[in-house]
Protein chains: 6
Amino acid sequence: MNVKKNELRVVTIEKDYLIHPEGSVLITAGSTKVICNASVEEKVPPFMRGEGKGWISAEYAMLPRATGTRNIRESSKGKVSGRTMEIQRLIGRALRAVVDLDALGERTIWLDCDVIQADGGTRTASITGAFVAMCLAIYRLHLEKPFETFPIKDYLAAISVGILEDETAVLDLNYVEDSSANVDMNLIMTGAGQFVELQGTGEEATFSEEELVELLSLGKAGIKQLVELQKTQLGDEITSLIEGE
Amino acid sequence: MNVKKNELRVVTIEKDYLIHPEGSVLITAGSTKVICNASVEEKVPPFMRGEGKGWISAEYAMLPRATGTRNIRESSKGKVSGRTMEIQRLIGRALRAVVDLDALGERTIWLDCDVIQADGGTRTASITGAFVAMCLAIYRLHLEKPFETFPIKDYLAAISVGILEDETAVLDLNYVEDSSANVDMNLIMTGAGQFVELQGTGEEATFSEEELVELLSLGKAGIKQLVELQKTQLGDEITSLIEGE
Amino acid sequence: MNVKKNELRVVTIEKDYLIHPEGSVLITAGSTKVICNASVEEKVPPFMRGEGKGWISAEYAMLPRATGTRNIRESSKGKVSGRTMEIQRLIGRALRAVVDLDALGERTIWLDCDVIQADGGTRTASITGAFVAMCLAIYRLHLEKPFETFPIKDYLAAISVGILEDETAVLDLNYVEDSSANVDMNLIMTGAGQFVELQGTGEEATFSEEELVELLSLGKAGIKQLVELQKTQLGDEITSLIEGE
Amino acid sequence: MNVKKNELRVVTIEKDYLIHPEGSVLITAGSTKVICNASVEEKVPPFMRGEGKGWISAEYAMLPRATGTRNIRESSKGKVSGRTMEIQRLIGRALRAVVDLDALGERTIWLDCDVIQADGGTRTASITGAFVAMCLAIYRLHLEKPFETFPIKDYLAAISVGILEDETAVLDLNYVEDSSANVDMNLIMTGAGQFVELQGTGEEATFSEEELVELLSLGKAGIKQLVELQKTQLGDEITSLIEGE
Amino acid sequence: MNVKKNELRVVTIEKDYLIHPEGSVLITAGSTKVICNASVEEKVPPFMRGEGKGWISAEYAMLPRATGTRNIRESSKGKVSGRTMEIQRLIGRALRAVVDLDALGERTIWLDCDVIQADGGTRTASITGAFVAMCLAIYRLHLEKPFETFPIKDYLAAISVGILEDETAVLDLNYVEDSSANVDMNLIMTGAGQFVELQGTGEEATFSEEELVELLSLGKAGIKQLVELQKTQLGDEITSLIEGE
Amino acid sequence: MNVKKNELRVVTIEKDYLIHPEGSVLITAGSTKVICNASVEEKVPPFMRGEGKGWISAEYAMLPRATGTRNIRESSKGKVSGRTMEIQRLIGRALRAVVDLDALGERTIWLDCDVIQADGGTRTASITGAFVAMCLAIYRLHLEKPFETFPIKDYLAAISVGILEDETAVLDLNYVEDSSANVDMNLIMTGAGQFVELQGTGEEATFSEEELVELLSLGKAGIKQLVELQKTQLGDEITSLIEGE
């Protein structure tokens, strides 16, 4: 296995992108662009009421023309695809792993990740951007009324790695690479280097333990860079709160 | 009736906003921001096949957090609201009024208007922006293979006018004005000053013929400015084609 | 522009058409036949509860064979079409313009407009008939327990006007005229001659300000006749209450 | 078991009730009123194509205010209830029993039964009325191009019988009787006295073989009267064709 | 009419088939296999709350490959077919006929009948099996807290009878016989020999009163055998409670 | 981290469980029971037609009472949950990794995995069982007309591993263990020890690289046992074909 590409595409995170949401971010990774909005709702889903615990929920969608050919809107089809459901469940689950839901209190943070332009890695960009939007929204709550314990416990970022048809291992795949990859893996990790989610899939192919080790190593390096970018964007006040200083 | 405000809010039109669509525009009007994407599909709806005639179809949606409080996605609800249907039917119908569908040939132009930030006037901004996106897409077709007759016959823009509770007539209402207006009117007009659509509604209120005349006068002035902006953005080559020079 | 037809088709309003509804009317306009039923429900939609204010809501449907060829039922398709939604929103909004919702008290009047035979003008006939059905239902409430202020403030009727392909302006279009009209306009007005709603649409065509003036003039004459018919059908007791004598 | 009521309610059948359908009937039975429309469609469902055989399909619905309290429309609910499905399957199946589908040729007759006022027995009135509407539509086809074999082989009518809480057997139950009946039976029979469908149901109750015999006897007498009425309404030409003279 | 087959296929009832349900049965009839599970829910549908009365509700489904060719899942289609609704309404209604809902108290017994292999008679097997599952669940409630009156008043079983194309009357039709039968009748009866439901249908055919008598006689004999099997399976303790000894 | 449990629960695979499917298996793992049926359909999805390549598709469902409390059927809810979609996409994707779709030819193998009793590990049992059902169906095709290349290239099995709250690593979690686990990982591997899919998820928790290594080691041992069981059940003829001898 060769390693052709071990660098991230150009990533930018623009804070306060829209005016209405409690937290709003435009994240770009290469040509992929995702608007990540965080909304605070002062209640939790029915099955959690009265427990004093918070919840993080995510939704994901693409504009019909985020892609090279136009997709039919899921609202027109009247149902959400399996792919969309899988991604939005993943985003919510990942964010909850770095949040102290008891400290958050009985409220829901909604993360809406809307892909306006897609070129591979939309789910990982959504997670990396949604984390920042969530920090902004929770920090706003903190300014209104300080939390005893700041609910965000660590940073969270996600990246894809894969093995192309020519056996090359690649970090941060774009659409063309992703479409032809034999193995596709998404890594979600914390600032402390812990795994939150690991999803490796052979696409009509399989992978060995050696390849797994190689992919994890590539991915960890990418995550580290993303977390650095998040810290820069969040600024000192918020990073101090997360790092519990 | 007083006239408090006879000026448009700041309007900008950014061409080629996204890379994939055949025509792509970001239009802003005050705090309202709409992405208008035009896609070319080389077929028409089943009921029109074989007639050699084209079709223009539009879809409209808002991001959940385009507004002050979060709205549930229509894809999650599994159905499109009456308001959304009304707006997307309106956009398509209005655009078709300035297109020679025979000249277009048997293909569909899809216009996707996605509101990423809302502050009143989203449907009129969608129409004004979608017109530009449509021009870009049809011009691209023209470059590939020139039309005998350029299918776009005139400019098209839309604006809202209204009467506030204090009887003031207002051009280009923002959300706060719109919410409290007694009368709300949407005007869609061509560059030549012809009406394409006129929708005036009393909101638990009514209006007189004098008020109608006043509103039309305000609206026409606004349309004129929008058409000028469209011309500037489209540039000489496309305006020459539209004006048939 | 010529004026070929400035007379309404034959219009009849049959009161108490069905036995169950609180108000029931069969309205015919030429070959168009609509059953308009008013039902009183002693509660309001969730977003209005506890405000002491009433609500008027409308639904519209066609029998599958109201038209020349059979339409698939919307219940079989599992969703209501954009056209239906647009019409039922219009009917409800128009009726609310002549009702004092505070005086009505915390209850909903449902208006069901079911077209059993269609020949153009089904939405305007629905509004003209639904107004009468609503009066009957509210009058019945008044007989049970008199309102301090009778909630209906004025008459309400609707008519269509249009411009045919040969540039003739026409009042009260039937299906054949409507299908081929260049411009189609629906006018909803009160007994006092105020506008409630004005919807003018160029069908792949546009219209000038002169044409607009002509259409409004035709329409106002038609509305006047419809309001006279409503008064006759409602009878002295109800008209006195509406006119506040 | 006593027999309190062995007479039908007043039944009327008005032919050619609406102008568009190929066959149209308004049937009333007591206060129950059903519009039965027959439409001819020159194709059959996909699973039958190319066999040269016809099909009979039925749909059934109630206006929201056909009943004492308003029902939510099935189109608004987005799905058809189990009761509606059961009834429309029953109507189609029953009609097919007296039609020679081979003789009909590869076309579908749609029967739309729309209850505009309900007072018990809506499904049986629908069948009795739909039979007449179907005869009118098929006769119209016959006039255009005579069938070698007229496709309708016999008359078809339906009636309900039941046992009330006081053990009285009753023919043609109205809504009040039906609601409180212990046993409810629908009989669908041909002019020749053959059974097409027999559905007897104990409502939280059961019935004996003696009771069954009594109910069948009451029902058969009712069917006979309905078939006589159908013959009168259909007239000599159509009855001759059905009776194969 | 000849009687070719007056014997049931081999029927077995396996109690406590699954571990979670309050009552669970696997019933086989020839090659037909149905899992019948009874669940106790300590509430009733909204329209019955506060009356102290119980409810019995049933659902019916087939595995996609219960049949010779694969059927699309109803969950994938997003709606339940008319046939499924008809059957589940029938099962619930039939079971309620032998239950004293007042004695049951304000709770619902859900009966889930899932056909894992189909060879005709799935609805009748479902009823016969669901009765046993319901007895087991109600008996379990009785053991926890004895009922003053045991809510089950009698046995309940169901069987099909039919007339084949060659005029032979047949008991307990398998799929091949059922598909080609001219007349298909389902009988649901109590242990005391009372009718609960009788549904006879001519499939593009009709039947005479003599044929009806013959079919009822065949069916009653089949029901008797099924009730004997139910008694054996339920055992002395439960049968004593049902028989009120 | 301690290793408390490194043994599989009792696993059984019953071949030819139902008579209709081309391949049918009942797999049990502890108290979990899943019916896995394979159906052959002689066509592929629209997007693949004409390429001569086959497809493997899977559906997954639970009986309402497979679990301790009753779940509402997805067909009644009218939509498939996100969890169900995620699982059925996973099953199909995993199976495709060991199938040579070109060798299979233009047909679809449908795998229906219906959980009749659930106690943790339903998705992994579904995959392990579905592989056997698929082998049976493809072998039947082979007997009818031998493949040049037998399309199944390797064995495929799946197992779950996890880390409990007390930091114990566990193989093959039951429901109680699964509900309280901090980390939950599903491993899908081939007979040759290659990974097909690896999904590790921290449930409001994270995991380190050491823990990952430990979990993989536990899982691989479990997969090995499952593959041995599959070989025994499939028998010599099929294993020879898979192993290409």
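The values are calculated or read from the model by the stated rules, or taken from the named source; none is laboratory data. Not measured: the values here are computed from a predicted model. Don't worry about glycine lacking a Cβ; one is built from the backbone with ideal geometry, like all the others, and counts go over all protein chains shown. Accessible surface areas use protein heavy atoms only, side chains included; no ligands, DNA or RNA. Shrake-Rupley method; radii C 1.70, N 1.55, O 1.52, S 1.80 Å.
Of all residues in segment E:81-118, exactly one satisfies the criterion of being buried (at least 19 other Cβ atoms within 10 Å of the Cβ), within 26 Å of E:LEU143 (Cα to Cα) and acidic (Asp, Glu), namely E:ASP112.
Within segment F:5-34, the residues that satisfy the criterion of being part of a strand (DSSP E or B) and under 30 Å from F:LEU164 (Cβ atoms) are F:LYS5, F:VAL11, F:THR12, F:ILE13, F:LEU26, F:ILE27, F:THR28, F:ALA29, F:THR32, F:LYS33, F:VAL34.
When you look at E:ASP236, is it at pLDDT 95 or above, open to solvent by 20 Å² or more (accessible area, probe 1.4 Å) and under 16 Å from the mean Cα position of the chain (by Cα), yes or no?
Details: at pLDDT 95 or above: yes; open to solvent by 20 Å² or more (accessible area, probe 1.4 Å): yes; under 16 Å from the mean Cα position of the chain (by Cα): no.
When the stated conditions are applied, E:ASP236 does not pass them.
Being over 12 Å from the mean Cα position of the chain (by Cα), outside any strand (DSSP E or B) and closer than 23 Å to A:ALA181 by Cα is a description that does not apply to A:THR124. In this structure, E:LYS15 qualifies as modelled with pLDDT of 95 or more, more than 14 Å from chain F (Cβ to nearest Cβ), open to solvent by 30 Å² or more (accessible area, probe 1.4 Å) and on the phi < 0 side of the Ramachandran plot.
Hey, among F:LEU156, F:LEU164, which residue is closer than 26 Å to F:VAL11 by Cβ and buried (at least 24 other Cβ atoms within 10 Å of the Cβ)? Explain how you work it out, then say what you get.
Details: F:LEU164 fails: buried (at least 24 other Cβ atoms within 10 Å of the Cβ).
Answer to the check: F:LEU156.
Within segment E:62-80, being open to solvent by 40 Å² or more (accessible area, probe 1.4 Å) and either in contact (Cβ under 8 Å) with a residue 40 or more places away in the chain or not in a helix (DSSP H, G or I) (or both) holds for E:MET62, E:GLY68, E:THR69, E:ARG70, E:ASN71, E:ILE72, E:LYS79.
For D:GLU197, indicate whether it is among the charged types (D, E, K, R) and under 29 Å from E:GLU204 (Cα atoms). Spell out how you get there, then give the answer.
Working: among the charged types (D, E, K, R): yes; under 29 Å from E:GLU204 (Cα atoms): yes.
Here the answer is yes, as D:GLU197 does meet what is asked.
Among all positions in segment C:74-85, there is at least one residue which is more than 20 Å from D:VAL80 (Cα to Cα), within 14 Å of chain B (Cβ to nearest Cβ) and of a type outside the set (Val, Ile, Thr). Against the conditions (1) part of a loop (DSSP other than H, G, I, E, B); (2) more than 14 Å from chain B (Cβ to nearest Cβ), C:ASP112 satisfies every one except (1).
When you scan segment B:115-137, do you find a residue that is within 14 Å of chain C (Cβ to nearest Cβ) and under 30 Å from A:SER81 (Cα atoms), even just one? Looking through segment B:115-137, at least one residue is within 14 Å of chain C (Cβ to nearest Cβ) and under 30 Å from A:SER81 (Cα atoms). Name the single residue that is surrounded by the fewest Cβ atoms within 10 Å (Cβ to Cβ) among those in segment E:44-55 being within 12 Å of another protein chain (Cβ to nearest Cβ) and assigned to a loop (DSSP other than H, G, I, E, B). The qualifying residue surrounded by the fewest Cβ atoms within 10 Å (Cβ to Cβ) is E:LYS53. Residue-level check: of (1) closer than 17 Å to F:CYS135 by Cα; (2) modelled with pLDDT of 95 or more, F:GLU245 misses just (2).
Just wondering, is there one or more residues in segment B:23-34 that are polar (S, T, N, Q), surrounded by fewer than 19 Cβ atoms within 10 Å (Cβ to Cβ) and touching a residue at least 40 places away in the same chain (Cβ under 8 Å)?
Scanning segment B:23-34 turns up at least one residue that is polar (S, T, N, Q), surrounded by fewer than 19 Cβ atoms within 10 Å (Cβ to Cβ) and touching a residue at least 40 places away in the same chain (Cβ under 8 Å).
Of all residues in segment D:127-142, those that are within 11 Å of D:SER24 (Cβ to Cβ) and open to solvent by 10 Å² or more (accessible area, probe 1.4 Å) have Cβ atoms under 6 Å from Cβ atoms of residues that are among the small types (Gly, Ala, Ser) and outside any helix (DSSP H, G or I), 6 or more apart or on another chain, in D:LEU136/D:GLY23.
Among the residues of segment A:187-217, those that are of a type in the set (A, V, I, L, M) and either buried (at least 22 other Cβ atoms within 10 Å of the Cβ) or facing chain F (nearest Cβ under 9 Å) (or both) comprise A:LEU187, A:ILE188, A:MET189, A:ALA192, A:VAL196, A:LEU198, A:ALA205, A:LEU212, A:LEU215, A:LEU216. C:ALA58 fulfils the conditions (1) away from chain B (no Cβ under 14 Å); (2) among the aliphatic types (A, V, I, L, M); (3) open to solvent by less than 50 Å² (accessible area, probe 1.4 Å) except for a single criterion, (1).
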